[in-house]
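Here's the structure, in structure tokens; my notes come after.
The values are calculated or read from the model by the stated rules, or taken from the named source; none is laboratory data. The structure displayed is predicted, hence computed values, not measured ones. Cβ: placed from backbone, ideal geometry, glycine included. Neighbour counts: every protein chain shown.
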Amino acid sequence: AAKDRGKGTFRRYHPEMGEQLVERAHLGAELEKAIGTDQIRLLYQPIVDLVTGRMTGVEALTRWHHPERGPVSPAEFIPIAEYTGLIVPLGRWILAEACRQAAAWRDAFDEAADLVVNVNVAGRQLMEPGFVDEVAGVLRRTGLPARQLTVEVTETAVLRGEVTDVLQRLRDLGVGLALDDFGTAASSLGLLLTCPVSVLKLDRSFVEGVTTADRQSAVATAVIQMAAALKLRAVAEGIETVEQASYLRRLGYRYGQGFLFARPLPVDEVAGWFRETEARV
Ligand code: C2E
Ligand code: MG
Ligand code: MG
Ligand code: MG
């Protein structure tokens with residue numbers, strides 16, 4: 001590798017590196033045109049109460065359906081959106097759309113009276129001046145009560161920027177704050193002292209082998225005990241099997257999300273979840 005050759009040497013140019021950059025630039029330009037069109041949509045993945053099986057909330061997850069390329073994964077286009085700054089207009093649309101939808105469900109279904117919508121927010125958005133006013137404005141315009149919105153941020157986003165004040169002002173509005181992919185970045189524990197977090201989302205990587213791997217089980221146990229002591233809600237991400245769900249429930253996890261319950265769903269399929277409120281676990 002280039003770094004092994006020490007300072008002052010240039011990294012050898014690989015044609016693929018250039019191609020990758022050009023490809024990203026293309027996607028960025030196309031993403032810019034796609035914002036505000038029906039190429040970009042939101043799906044909603046239920047978050048369920050592991051004891052009653054009821055849906056207590058949904059996470060909004062963005063999808064981009066490119067006219068020629070077909071579906072582009074958010075794992076691919078969100079980083080491009082962050083890097084180009086397009087995440088700011090894109091994120092603004094996502095926040096407004098998710099809140100509008102949650103307010104509409106609230107009006108249409110008694111069961112959705114307390115439904116919480118989780119919206120992923122990138123570090124770049126948090127650092128944008130006026131972000132808190134934007135959130136307050138969306139809540140006012142849509143009529144969604146602040147307690148029915150939770151903003152999901154990653155540890156890295158929070159660590160990179162000076163955003164503690166922004167997060168505190170969001171909490172002051174009454175909005176929930178979830179630490180996403182909890183446990184995967186460095187300094188997670190320090191963040192619990194400085195950030196006004198209300199929800200911990202245990203990363204899928206710990207859920208995957210929780211029933212069979214001692215280490216994953218140990219981490220999942222430590223996280224739920226810490227969450228309980230700090231009076232935080234804990235959500236286990238990426239539950240795929242009944243065994244994982246019951247194991248996590250026995251550890252004390254009350255909330256879960258994953259393909260076992262539902263994949264991210266289009267709006268009309270979420271409605272079915274309001275009507276069927278009996279236990280699914
Ligand atoms: P995330 O916020 O941690 O979202 C959870 C991801 O795990 C989603 O992937 C979801 O489809 C997937 N997932 C849920 N349950 C399971 C399961 O049981 N098994 C497996 N294997 N996967 C599961 P998705 O939708 O592809 O999103 C990937 C990431 O892209 C998200 O991770 C989030 O970081 C980012 N993202 C998605 N939508 C948005 C958005 O609107 N704004 C921002 N800033 N980021 C977003
Ligand atoms: Mg998330
Ligand atoms: Mg997550
Ligand atoms: Mg994740």
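Tabulated data
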| read-out | value |
| --- | --- |
| Residue within segment 88-104 that is of a type in the set (Asp, Glu), within 16 Å of the chain's Cα centre (by Cα) and over 17 Å from VAL175 (Cβ atoms) present | no |
| Search result, residues across segment 163-180 that are surrounded by fewer than 19 Cβ atoms within 10 Å (Cβ to Cβ) and in contact (Cβ under 8 Å) with a residue 12 or more places away in the chain | THR164, GLN168, ARG169, ARG171, LEU173, GLY174 |
| Single residue of GLU68, GLU111 found to be closer than 15 Å to ALA34 by Cα, modelled with pLDDT under 95 and surrounded by fewer than 18 Cβ atoms within 10 Å (Cβ to Cβ) | GLU68 |
| Selection count, segment 229-246, where residues are in a helix (DSSP H, G or I) and within 16 Å of ligand 4 (Cβ to nearest atom) | 1 |
| Members of segment 167-191 found to be within 18 Å of the chain's Cα centre (by Cα), of a type in the set (A, V, I, L, M) and more than 16 Å from ligand 3 (Cβ to nearest atom), listed by number | LEU167, LEU170, VAL175 |
| Sole residue being within 24 Å of GLU208 (Cβ to Cβ), more than 15 Å from ligand 2 (Cβ to nearest atom) and out of contact with any His (no Cβ under 8 Å at 6 or more places or on another chain), chosen from LEU191, LEU179, LEU139 | LEU191 |
| Selection count, segment 82-96, where residues are part of a helix (DSSP H, G or I), surrounded by fewer than 16 Cβ atoms within 10 Å (Cβ to Cβ) and not aromatic (Phe, Trp, Tyr) | 1 |
| Residue among VAL267, VAL197 that is surrounded by fewer than 16 Cβ atoms within 10 Å (Cβ to Cβ), within 16 Å of ligand 1 (Cβ to nearest atom) and under 19 Å from ASN118 (Cβ atoms) | VAL267 |
